[in-house]
Structure formats: C-alpha cells, structure tokens
Amino acid sequence: MYNLVMKDLKLGINPWFLAMPFLIGALMFIPGWIYLLVLQYFFWISVPNIFGQFKAQNDLMLTMTLPVSRKDKVKPRIIVIVILELLHIFVAMIFSLFTIRLYPNVDYFFFAPYMGFWGICFVMLAIFNIIFIPMYYKTAYKYGAALIASVVATLLFSGVVQWLGIQNNFVFDTFNGSGADDTTLQLFILLAGITIFAVFTIVAYNIAIKRFEKVDI
Amino acid sequence: MGFIGANGAGKTTTIKSILNMIHLDRGEIHILGKNMAEHELELKQDIGVAVGGMNFYTRSKIKTLTNTIKKFYKNWDEATYRNCLRKFKLDENKRIIELSEGMKIKYSLSLALSHGAKLLILDEPTSGLDPVARDNLLDIFQDLVVDGEISILFSTHITSDLEKCADFITFIENGQIIQSMEKEDFKESYRLLNGNESQLHQVKEKLISYKTNSFGFTGLIHFSNYDPSANIKATVPTLEEILIFFAKKEDMYV
C-alpha cells in the first residue's frame, strides 16, 4: 500500500500540486474574506487536474497490472486525497495564525479563522469525500460528474452555513462573537468536525471498494 | 503459445480475464497450476504483462517508471534489469513516448524479466512493428523460451509471426476455442482444397468455408472430412488461410 501511495505522489501527481497548498493557503492573508472559499480552490483546481492526469496517463492500466489486490488499490488513492486535503487545511491554519496577528482590528463579517471555523472546513471536506470518492469509483477514471456533484454539495453547505453565520445571532456568536474566546467550545467544534471527516471518509472508502470490485477495465 | 483470432474474436478479452481486469461470466482461470482467483497476488509476481503496449505514463522517463514499478516485486533483480537495458539498447533517461513500438515492448520485457516472470503475457506485441523489428523481437522470444524456464503467451493477428516461432497454437473465434494444439498438428488437421466447380459440389457440405473464382474454388476442410480418393488438389494450409476461412464461415451464417 505504501508503494502505491508513493507511486501516486512521485509519478501520478505533478509536484506542483504539492506546492499548491501554500499558494492556496496564502489566500488566508486576505483580511476578513470568505475563508470557506480557500479550501474550495482545492476542489476547483487541484482535484480536476490531478484526476485528469490520472486519466490521461492511463494510470488505471498500470495499477491493474501491478501485483496488488483490487481492494488495496483503493485505499492508497484515498490516503493520497486525504494527505492533500490535510496539507491544504494545515497550511491554511498556520497562515491564519499570522492573519489574526497581522490584522487584529478587522471586523469579521464572514467566519473568522478560529478553531471552530476549521471544524466547519473539516465537515466540508467530509461532504466532498463522501460524494466524490464513491462516484469516482464507479469507473475509477471518470471524475467529471463526481466533481460537479461534490463541488455543488460543498458550495451549498458552505453557503447555508455562512448565511446562518451572518443571519443567526447564536451561530454568529459561536464562531465570531463571544464563543470565539471560549477555547473549550472551539476545540469541541473542531474535534466534532474532524470526527465527521474521519467517519465520512471511511464510509466513502467502503463504498468505493465495493464499487471498484465490480468495475471492468 | 501463440494465441490467434480475427479482430474482435476475444483475444484481448481473454487476456484481460486472465489478469482479473474484467469479471468472468463463468469458468475458472488457472495459471502455473494455481487458481488465479485464489492466488492472484502470488501469480502476478510471476507474470510479466504487456497489454496494449506501454501506454501509461508515456511522458515519464524510463528511470522514473522503473523505480516506481520495481518496488512492487519481491524478486526484483537489478543486475538482470541492467543487463536487459544493455542488451536491448534502452536508454533509461528517455521518455516512454520517445521509444519506438519495438523498444516499448523490449522495455516491457525488461521489466518482466527483471522480476523473474515465468510467464509472459503479451497482447499483440508485434503489431505495428516493421518486419526487421518483428523478426528481431521473435528472435528474442525464442531465446527466452529455449531453456524451458519461461513461457510466452502472445496474441496476434499477424500469423506469419507464429509460423516463425510458436510451438503451440490456440485459435479462437467469437469467444470460443476452435483448436488448441501443437502448431504443426494444428495445420495438419486441415486441408486446403483447390478444384473446379463440379468438384465443389462433391465436397461443399463438408467444407468449413470456400471462395469461388473463375478457375474454380478454394476451400478449407477438416482433415477428418477429407477424402483423398476424390482427387481434388489438397495442400496443408498456412495459419493465415485457416484464420481467413474461419472468418469467412462466420460471414456465411450471418
């Protein structure tokens, strides 16, 4: 499995996409921006390019000839997706620490980049994974429909959540107001987000294995 | 073993089934005496494959691709690999796309031999090669099988390649095995008849298929149905003739 992860990272994925988290993460420096969009750039730029490369390079053909069981071909690919997602979110998190220090007096209309906000980001990634991964593994090479469905779903989610964050006093308070100073609450939201991310990704993995078993190449 | 059949007869489908790339409707696959479904990983260590040429990661260098692929094989032998590169004059700094079709096959062979494959499964390795490259490749195949350690299953529709180097022939048509036996026995089991129109009427029912022209007819017949006393000119057919007349039989029933 480790070999397949390395195969994707060294051969399948252009190193440029490992640098992208730093460029995309730098969007966190825009003061008071809609930070939910930062991770969307990963869905919009990196995912279609990476999966387009897999398709164009006929990655599936190479993978199928290698002495690895079908089941074990799915896990490494998902691990690679998760590695990239975590890379994006961690880099953005680190950059946000600077943002908070750089602009201490900004009034946040949208979500401020505190821990609770990252919890929401993890849920967004979870939604992306549970839609994109199982749909992709219907064929293991067509990614278009899966990408559209998952991006629409994450956009709807972030739209609704952000709207609540502006319109609803309780939600606003939790993420931007007095709740932002409550470290326990913020940590709880973050951990809840991480848990949802883990559960959704594992479910996606299990569906993907079942679907990939049936694929004729 | 040569694996022949017309386009669409099911050669690639068979090979894909062997490699567990597609699902079987029925039946079992046994390789080197083991059931493929149960021992897939173990068997794939012992199989070298080239399906549809080297058509993946064509923009990558040989070096990069090899470094990735070799990690998957327990018995990878770097010395053998270096030898193969030298013997086949492969430059590992070249990209796959820069290799000629013949070189791509040689690269696939190098990979297969370096992980100690006992069975090479090659899907149309000689298609698209010029006669010199084909002859060269066939010589390599013969060198490989000569000490009996390595077997090659290769599919092709270029029957002259098999005339040169196959020991066994499996002939498929429409997904069915028509014959699978030693090459000479295979050819001997058919006769190609040449005669005039009146002779055609005598044997018409027994022929697998036939063609008529202004001089008479040419037709393929099973040796068992062939009656030497009929005084029709008969020759042992080439593989190509067998392939063509079987394909024609299909057309006649459509």
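The values are calculated or read from the model by the stated rules, or taken from the named source; none is laboratory data. From a predicted model like this one, the values you see are computed outputs, not experimental measurements. Cβ atoms come from the backbone with ideal geometry, glycine included; neighbour counts cover every protein chain shown. Note: accessible area is taken over every heavy atom of the protein model, side chains too, but ligands, DNA and RNA are not part of it. Shrake-Rupley method; radii C 1.70, N 1.55, O 1.52, S 1.80 Å.
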Inset, instruction - Take B:Gly10 and decide whether it is at positive phi and under 14 Å from the mean Cα position of the chain (by Cα). - result: yes
Inset, instruction - Go through the stretch B:134-214 and tell me which helices (runs of 4 or more DSSP H), entirely inside it, have 2 or more residues that are of a type outside the set (D, E, K, R) and at pLDDT below 90. - result: B:159-165, B:197-203
Inset, instruction - Would you check if there is a residue in the stretch A:117-134 being in a helix (DSSP H, G or I) and of a type in the set (S, T, N, Q)? - result: yes
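Against the condition modelled with pLDDT of 90 or more, at the interface with chain A (Cβ under 10 Å from one of its Cβ atoms) and assigned to a helix (DSSP H, G or I), how does B:Lys104 come out, does it pass?
In short, no.
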Inset, instruction - Report yes if some residue within the stretch B:100-110 is touching a strand residue (DSSP E or B) at 6+ places or on another chain (Cβ under 9 Å), more than 27 Å from B:Val132 (Cβ to Cβ) and among the hydroxyl-bearing types (Ser, Thr, Tyr); otherwise report no. - result: no
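Results for (1) open to solvent by less than 10 Å² (accessible area, probe 1.4 Å); (2) in a helix (DSSP H, G or I); (3) within 11 Å of chain B (Cβ to nearest Cβ); (4) in contact with a Lys or Arg (Cβ under 6 Å, 6 or more places away or on another chain), shown as yes or no for each residue.
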residue	(1), (2), (3), (4)
A:Leu11	no, yes, yes, no
A:Asn49	no, yes, no, no
A:His88	yes, yes, no, no
A:Asn105	no, no, no, no
Legend entry - helices (runs of 4 or more DSSP H) wholly inside the stretch B:1-99 that include at least 3 residues being out of contact with any helix residue (DSSP H, G or I) (no Cβ under 6 Å at 6 or more places or on another chain) and polar (S, T, N, Q): B:11-18, B:62-69
Inset, instruction - Among the residues of the stretch B:24-41, write down those that are closer than 22 Å to B:Val145 by Cα and either at the interface with chain A (Cβ under 9 Å from one of its Cβ atoms) or more than 19 Å from the chain's Cα centre (by Cα) (or both). - result: B:Gly33, B:Lys34
Legend entry - Pair list, Cβ < 9 Å and 6+ apart or interchain, from the stretch B:42-67 residues that are within 16 Å of A:Ala56 (Cβ to Cβ) to residues that are outside any loop (DSSP other than H, G, I, E, B) and of a type in the set (Phe, Trp, Tyr): B:Met54/B:Tyr107; B:Leu65/B:Tyr107
